[in-house]
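Structure first, then comments.
The values are calculated or read from the model by the stated rules, or taken from the named source; none is laboratory data. In this text the structure is predicted, and so the values were computed from the model without any measurement. Here Cβ is always computed from backbone atoms with ideal geometry, including for glycine, and neighbour counts include all displayed protein chains. Calculation scope for accessible area: heavy atoms of the full protein, side chains included, ligands and nucleic acids excluded. Shrake-Rupley method; radii C 1.70, N 1.55, O 1.52, S 1.80 Å.
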Number of protein chains: 2
Amino acid sequence: MDDETKDLREHLATISDLRAAGGVLSWDRQTYMPPGGVEARAGQIATLSRLAHELLASPKTERLIEAAGEPEPDSDTEALVRIARRDHERAVKLPTRLVEESSRVSALSEPAWKQARETSDWNSLIPHMERVLELRREVAARLSNGHPYDALLDLYEPGTTSSRLQTMFDEIKTATLPLVRNIATLPDDERDAPLRGAFDEASQERFGRATASAFGYDWRRGRLDRAAHPFCIDFGSPGDVRMTTRFDPKRFAVAFFATCHETGHALYEQGINPAYARTPLSGGVSMGIHESQSRLWENLVARSRPFWSHFLPSLKEVFPREFGDLDLNTFHRAVNTVRPSPIRTEADELTYNLHILIRFELEMALFEDGLSVKDLPDAWNAKTEEYLGFTPESAATGILQDIHWPAGYFGYFPMYSVGNVLSVQLFEAATQEHPIIHEEMENGEFGTLLDWLRRNVHHAGSKHDPQDLIQASTGRAMDTTPYLNYLKTKFTDLYNLGGS
Amino acid sequence: MDDETKDLREHLATISDLRAAGGVLSWDRQTYMPPGGVEARAGQIATLSRLAHELLASPKTERLIEAAGEPEPDSDTEALVRIARRDHERAVKLPTRLVEESSRVSALSEPAWKQARETSDWNSLIPHMERVLELRREVAARLSNGHPYDALLDLYEPGTTSSRLQTMFDEIKTATLPLVRNIATLPDDERDAPLRGAFDEASQERFGRATASAFGYDWRRGRLDRAAHPFCIDFGSPGDVRMTTRFDPKRFAVAFFATCHETGHALYEQGINPAYARTPLSGGVSMGIHESQSRLWENLVARSRPFWSHFLPSLKEVFPREFGDLDLNTFHRAVNTVRPSPIRTEADELTYNLHILIRFELEMALFEDGLSVKDLPDAWNAKTEEYLGFTPESAATGILQDIHWPAGYFGYFPMYSVGNVLSVQLFEAATQEHPIIHEEMENGEFGTLLDWLRRNVHHAGSKHDPQDLIQASTGRAMDTTPYLNYLKTKFTDLYNLGGS
C-alpha cells in the first residue's frame, strides 16, 4: 500500500480498533463476564459502535477516500478504497442514534435470550424482540431500494438477493425433500444410538482440541472457551481468532461437530493476509463464504468416512466404554443419521437446509409482509410442521434455540445454506486439483486441503467480491449441482436407497 | 444530578466507556489473550486511550463544563464538574501523540517484562524500559511546575508531594529499622517453615475464594482469574469488579495473601455508589486510599490472631497434612514472620515498607536526578543491600519482580506505604466506633467492618478529596503514629522483644 493512502489507512485503523474492542467486549460478555456487568457492558459496546459509525460516516472519511485518487486496478489499495467507499456510503444512510440504539438493544437482548431459553419462556423475550425487530426494520428501510429484506441480505453477502436465494432453496427442496421423506418411511434403526451415553466433558474437550489442531488451527493465535452459543470471533487481525463451544455430557456429537464447525471459521480468519490487519480487508469477505469454510470442515471432512477411518481408533481410546466396540461403518452411519429433529445446529446434512428454509421464509414474512413478533411462534411451529413434520416440544427447542434473532442478525441464516452449497463446490475444486487430499484425510492429514483453501479463499480476506472469489477458485458461479449430487450420492448410499 | 449537566454527563460517559473498554482489553491481555494478539492489542488499547484523551482535552469538554454553571456545593454535580475540570486541564497539557504512544509502548512492554522475568533477563527489557521512561519523563515535565516526580505522584494521590512522602518514610524508617535489625540478631527460628509444603492449587483457590466470600466479595459482580501479577480492575461500574491472583504450589502464603489484598481493592470498587457508574466519580479516589483497603484486609484482618482463630480449623480441613497439627499461636507467628526477603508482595509487614522505600528513592533518582535505565540494576542492588541487607540473587527476584515500571506506573509504589499508614488509621477509627468488630472477626464475620468502610470510604467513590475523606472518616489528617504503634506492639509481642 502506498503513501497517498497513509492517512486513510490510519483513519480506517482507528475504526477497525473500535470494532475490534467491541468484539473483545462481546466475546467477554459471552464467556466470562459476571451477571452484574450486563448493564454497563451494553453501554460500552453501544458507545464503541457509535464512535466507529460516526468516524465511518464522517466527511473526513469521504475526503480521505477522494484523496486516495485512482489506485492501480486489482491492487490492495484499490480494494481498500472500494470497500471503504461502500462502507462509508452505507454508514451515511444510518443515523448514529439508530446504530447506537441497535447495539445497546442487542447487547441487552442477548442475555435476556439466554435466560428465556433456559426457562423456555418466549414471552419474557417479546419486548426485546419487538425492539430489535423495529430497529432492524428501520435499518432495512433506510438501506433498501424497495426490498428491505434484500438490504439486510446484502450486509452479510454482498450482491445476494432474496429471489436468488428463493431459486437456491427451491432447488435444494426439490432434491432433498424426497430423500428426507423416503428415509422417513424406513423403520428407524436408531443408528445414532451409539452417540448417546456419558461423555466426560474434559475428554470431549481434549478430543475436540486435538481435532482442531489436526485441521491446522494455531493455538498461539487463538483459544477455545465455553459459551451458550458456539461462535468464532476475530479482532481485526489473524493473530487472535477465538472459538467457543458448548458441551452436552450425554451426546458426543453436539460439542464435537460444533468445534469442527467453528474451527472452519477460525482457519479462514487465521489464514487471512496479516498485512490486512486493522484494515477493512481483514476478516472474511461474506457470511456465505465463511459458512462454506465451517461447513466444509464440519461435513465434508468431519462427517466423512476417510476422516473417521483415521480418527475412530483415537476416539476409542478416549471413550473406550462408549465406542470401544464400534466398527467404522457403524460409526460413520451414526454421525450421518438422517432424522428430522428440533435443533438446527445438531441437524444432519439433509434436514439442515430445511431448518434454514423455515427461518428464511419467516424472515421474508417479517420484513416483506409485516409478520409480527406476537405471531412469530405460531408461524414458527407451522413451518416446522410443514418442513420437518413435527411441532417443537418447547420454545427452548423451537424458536428460542438460536441467538441470531435476539442479537438482530436477520438475513444471516440463509447464508448457512449458501455456505453448504459453496462448501461442496470448493471441496470438489480442491480435490479435483489435488486428488491426494482424499488419501491425506485417511492419514489424518489436511495440509494440502488447507493450503488450497488458504491460497484460493483465506489469504485474500475481504479483497475480492464473493462472486468473483467463487468464480476464480472453482471456475464457475455458485451452483447447487455439486452440492445436491453430493447429498444424493452420500445418503442414497448410507440408506441403501439404490433401487429408488 | 440535574438536567443542566445532561450533555456533560453523556460526554463523560463516552469517555468512561472508552476507558472501560481499554480496561477490558487490558484484563483480557493479562489473563486469556493468546500470544499472537500482542501486536494488534497494543494498537487497540492505544487507540482507545487516544480517543478518550482527545475527547477529554477537547474544547467541547470545556464548553460543557462551563455550561454546568455553579452547582450546589458538596453536591454530586459539584464533584462531577470539579473532577471533570481537573482531568480536562490535565489532559490539555498532554499531546495526543504522547498519550497514544505511552499506551502503545506500555502494552508492548508488559509482555516483554513477563518474558524477561521468566528468563531473568534484564537486558532484553532495557530498550522497552528506556522508551517507557522517556515517555513518562515527558509526561512529568509537561504536568509539573518544577518537580517532575511530584507531578507523577499527583496522578495517583492528588495533593501528595515527594517532601511529604519523604517525611512519612523517615518516620517509618526511624520506627521500623531498629525493630527489623533487632529481630535479625535473633537466631532464625524458621517459624514460617509450616507455610512451605505441597499445596494443591485447586484447594488453595477454593480456600481463597471462601475467604473473599467471607469478607463480603460479591461473585455476581466479579470473578477471580490467574495472571502473572495479581491485580484488581473495574470497568467504570461496581457491577463488574475482577481480581486476579497467582499460585505457588510450594508456598501457601503467596496466593492467599495476594487474594486477600485484591479482595480489599475489589470491596472498595464494589462498594461505590452505583449512581456514579460511567462518570468520573466512579472508581476509588486515589491509590493511597485504594491500598489502605487492600492492606487493611490483607494485614489488619488476614494476618490477625482473631481471623485465624476462626479460619485455621477450616484451613486444616483443606490441608490436613500440612496444617493438621498446628496450633493457633504457631500459625499466627508463621504468617507474621519477619525476615528480609527479595519479593515485595511476599514481604512481612515490617520489611514491606523498606521495599517501597527502595523504589521511592530510585524513582526520585530517575525523575529528579536523571538516573539512567542502564544504571538502574546496580542502584537497585545497592539500595537492597542498604535497606534489606542482601543483594538479589537474580534480576527475576530483584528489579524484574514488579510490573509497575515496565507498565509506566512511576509514582505508584509510594502509595503502598501511604496505604499501610492509612489502613491502621482507618481500622482504628472503625474499631473505636464499633469495638464489636474484634469479636465478629473471631466469629469469621466482617459485616460491621465492611459496613463502616462502605459508609466512610467506599460509597463516595471519587467524590471527595482524599485528604478530606481521611479527615472526615478518622477525625484527623494522615498520621503515621497509629500505624507505627501497631507495628511496634504487634512485633514486639510476636518476637518477645518486651525487654528492649
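Tell me which residues, restricted to the range B:338-361, are part of a loop (DSSP other than H, G, I, E, B) and open to solvent by less than 20 Å² (accessible area, probe 1.4 Å).
Within the range B:338-361, the first condition is being part of a loop (DSSP other than H, G, I, E, B), and the residues that meet it are B:338-343, B:347-348.
Hits for the range B:338-361 are B:Val338, B:Ala347, B:Asp348.
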Any hit, the range A:436-455, residues being open to solvent by less than 20 Å² (accessible area, probe 1.4 Å), in a helix (DSSP H, G or I), among the β-branched types (Val, Ile, Thr) and over 30 Å from A:Pro148 (Cβ atoms) = yes
Among residues of the range B:16-27 being open to solvent by 10 Å² or more (accessible area, probe 1.4 Å) and touching a Leu at 6+ places or on another chain (Cβ under 8 Å), the residue nearest to the other protein chains (Cβ to nearest Cβ) is B:Gly22
Expected single match for part of a helix (DSSP H, G or I) and more than 23 Å from B:Ala151 (Cα to Cα) among B:Asp74, B:Asp87, B:Asp7 is B:Asp7
Restrict the check to the range B:430-440 and report whether at least one residue is of a type outside the set (Val, Ile, Thr) and either under 21 Å from B:Ser282 (Cα atoms) or touching an Asp or Glu at 6+ places or on another chain (Cβ under 7 Å) (or both).
-> no
Quick check: anything in the range A:112-122 in a loop (DSSP other than H, G, I, E, B) and either more than 30 Å from A:Arg226 (Cβ to Cβ) or open to solvent by less than 50 Å² (accessible area, probe 1.4 Å) (or both)?
-> yes
When the residues of the range A:238-276 are filtered to those that are free of Cβ contacts under 8 Å to residues at least 60 places away in the same chain and small (Gly, Ala, Ser), which remaining residue is farthest from A:Phe199 (Cα to Cα)?
-> A:Gly239
In the range A:302-311, residue farthest from A:Glu440 (Cα to Cα) [restricted to those that are open to solvent by 10 Å² or more (accessible area, probe 1.4 Å) and of a type outside the set (Ser, Thr, Tyr)] | A:Arg303
With the condition kept exactly as written, say whether any residue in the range A:53-60 is open to solvent by 50 Å² or more (accessible area, probe 1.4 Å) and either in contact with a helix residue (DSSP H, G or I) (Cβ under 9 Å, 6 or more places away or on another chain) or at pLDDT below 95 (or both).
-> yes
For B:Leu152, state whether it is in contact (Cβ under 8 Å) with a residue 24 or more places away in the chain, within 22 Å of B:Ile45 (Cα to Cα), open to solvent by 20 Å² or more (accessible area, probe 1.4 Å) and under 23 Å from the mean Cα position of the chain (by Cα).
-> no
Have a look at B:Asp170, B:Asp189, B:Asp150 and point out the one that is assigned to a helix (DSSP H, G or I) and out of contact with any Ser or Thr (no Cβ under 8 Å at 6 or more places or on another chain).
-> B:Asp170
Applying the selection to the range B:362-385, what residues are buried (at least 19 other Cβ atoms within 10 Å of the Cβ) and assigned to a helix (DSSP H, G or I)?
-> B:Leu362, B:Glu363, B:Leu366, B:Phe367, B:Leu376, B:Trp380, B:Lys383, B:Thr384
State all residues of the range A:28-47 that are within 24 Å of the chain's Cα centre (by Cα) and either within 7 Å of chain B (Cβ to nearest Cβ) or not basic (Lys, Arg) (or both); if no residue qualifies, say none.
-> A:Asp28, A:Gln30, A:Thr31, A:Tyr32, A:Met33, A:Ala42, A:Ile45, A:Ala46
Look through the range A:230-246, keep the residues that are at the interface with another protein chain (Cβ under 10 Å from one of its Cβ atoms) and open to solvent by less than 20 Å² (accessible area, probe 1.4 Å), and return whichever of them is farthest from B:Glu39 (Cα to Cα).
-> A:Arg242
Touching a helix residue (DSSP H, G or I) at 6+ places or on another chain (Cβ under 8 Å) and without any contact (Cβ under 8 Å) to a residue 60 or more places away in the chain - does that describe any residue in the range B:155-165?
-> yes
Across (1) open to solvent by 10 Å² or more (accessible area, probe 1.4 Å); (2) within 14 Å of chain A (Cβ to nearest Cβ), B:Pro280 clears everything bar (2)
How many of the residues making up the range B:214-229 are open to solvent by 20 Å² or more (accessible area, probe 1.4 Å) and modelled with pLDDT of 95 or more?
-> 8
State yes or no: is A:Asp325 surrounded by fewer than 18 Cβ atoms within 10 Å (Cβ to Cβ) and at negative phi?
-> yes
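So, in the range B:214-229, exactly how many residues are free of Cβ contacts under 8 Å to residues at least 40 places away in the same chain and more than 14 Å from every other protein chain (Cβ to nearest Cβ)?
Qualifying residue count, the range B:214-229: 0.
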For A:Asp325: the one exception among (1) part of a helix (DSSP H, G or I); (2) at pLDDT below 95 | (1)
